[in-house]
Amino acid sequence: MKRFDGKVAAITGAGSGIGRALAEELARRGCHLAVSDVDEAGLAETVLRCERSGVKVTPTSLDVSNRDAVFAWAEQVVDDHGTVNIIANNAGVGLGATAAGQSLQDFEWLMDINFWGVVHGTQAFLPHLRNAGDGHIINISSVFGLISIPTQSAYNASKFGVRGFTDALRMELEIDPCGVSSTTIHPGGIKTNIARNARTDESMIIAGSDPDEFVEEFDKLARTTPEKAARQILKAVERNRRRALIGPDAVLFDIVSRLPAGLYQRVLVGQARRQRADRTA
């Protein structure tokens, strides 16, 4: 997909962050939009911003963990716009807790949104993208889909899952060409609300992290704006990249992921032990 003007894009998690920035950037390029989020107030603001570009924008309150609702939304998008060319499975949440300490309820909550939401969106929209004969699937993973981090086992599991799912999907689309492709997106630290809205657990302290400092530390590391991330994502779509590293820290994570696992993991373990010792001193 070399151009976006006149196309139709569906975006989940469009009420803020990368989702909103993607919607605004696509609108500026003349792409019509179907946007969704559970945050209705945030979604309404996204609609107002995008309509200024003169494109058609249809909002839907949507929980991506609800498979039937996602499939119904895909049908509605085609009814409203006549076709659909892009699905950006962007909705996501965070959870800070150890593998042993996290509750099953929290783990399932995260996986239902971060992993199954991507699967639902992909499967719901792919038939319509095939019918359009010109489409692209954008699935948002993370740098935590490249390497694992203590207290992020659930998040790691979801984002590694998105990476594996989308890598396999890309190959299948190439085996049976239909005019549709896909890209896995690995954002680094992006200035969004995901850390602020994340669930945290006191078990993080065991692994050297403090739930109260979690958001503050993330904000310090988040150097890339959602707007810049959106432009990089669309450039990856235009170039039909298999994977896209978003932000300079994502490039660093990718390099680290190529090192022997024991090497970088020993560094992370040592750092966490020092942090825990400092807090108990």
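Compute the angle between helix 226-238 and the longest alpha-carbon principal axis of the chain, please, reported from 0 to 90 degrees and rounded to the nearest 10.
60 degrees
Please give the net charge around Gly117, taking every other residue with its beta carbon less than 14 angstrom from that of Gly117, where Lys and Arg add +1 and Asp and Glu add -1.
Every neighbour counted, the sum reads -3.
What residues have an amide H closer than 5 Å to that of Gly96, excluding those fewer than 5 places away on the same chain, when H is modeled at 1.01 Å from N in the peptide plane?
Residues meeting the amide H criterion: Arg199, Thr200, Asp201.
Work out the charge dipole of the range 8-280 with +1 on the Cβ of Lys and Arg and -1 on the Cβ of Asp and Glu about the Cα centre, then indicate which of Phe253, Leu33, Thr183 is farthest towards its positive end.
Phe253
Pick from Thr225, Thr166, Thr46: which is most flexible by mean-square fluctuation in a GNM of the chain where alpha carbon atoms under 10 Å apart are linked?
So, out of Thr225, Thr166, Thr46, the one fluctuating most is Thr225.
Of Lys2/Lys228; Lys7/Lys235; Lys2/Lys159, which ones are farther than 21 Å apart at the Cα?
Beyond 21 Å: Lys2/Lys159.
Normalised by the residues of the range 8-280, what does the relative contact order come to in percent, with Cα pairs under 8 Å and at least six apart?
Taking the mean separation of contacting Cα pairs over the length of the range 8-280, I get 18 percent.
Give, rounded to the nearest 20 debye, the magnitude of the charge dipole that the range 1-101 has about its Cα centre when Lys and Arg contribute +1 at Cβ and Asp and Glu contribute -1 at Cβ.
Here the range 1-101 has a charge dipole of around 540 debye.
Cα centroid distance between the range 53-113 and the range 243-277, in Å?
With the range 53-113 and the range 243-277 each reduced to a Cα centre, they are spaced 29 Å.
Let's see if you can work this out: charge +1 on each Lys and Arg Cβ, -1 on each Asp and Glu Cβ, no other charges. What is the dipole magnitude of the range 75-153 about its Cα centre, in debye to the nearest 20?
The calculated dipole for the range 75-153 is roughly 260 debye.
Among (i) 1.11; (ii) 0.96; (iii) 0.98, only one was calculated for this model; which label is it, if the read-out is Rg/Rh (Cα atoms, Kirkwood Rh)?
The value matching this structure is (iii).
Which residue fluctuates most in the GNM of the chain (Cα springs below 10 Å): Ser141, Ser257, Ser182?
Judging by the Gaussian network model, the answer is Ser257.
Please give the length that would be gained between Arg241 and Leu259 if that part of the chain were fully extended, namely 0.36 nm times their separation in residues minus their C-alpha to C-alpha distance (nm, one decimal).
4.2 nm
Helix-only mean residue ellipticity at 222 nm, the chain, DSSP H runs n ≥ 4 weighted -39,500 (n - 2.57), per residue, nearest 500. What is it?
That comes out to -16500 deg cm²/dmol.
5 Å is the cut-off here: which amide hydrogens, built 1.01 Å from N in the peptide plane, fall below it relative to Gln102, excluding neighbours closer than 5 in sequence?
Long-range HN contacts for Gln102: none found.
Using the crude model of +1 on Lys and Arg Cβ and -1 on Asp and Glu Cβ, and no other charge, please compute the dipole size for the chain relative to its Cα centre, in debye to 20.
About 1220 debye.
We did not get these values from a lab; they are worked out from the coordinates using the rules stated. As the structure is a prediction and not an experimental result, all values here were calculated from the model. Please note: Cβ atoms are built from the backbone with ideal geometry, for glycine as well, and neighbour counts cover all protein chains shown.
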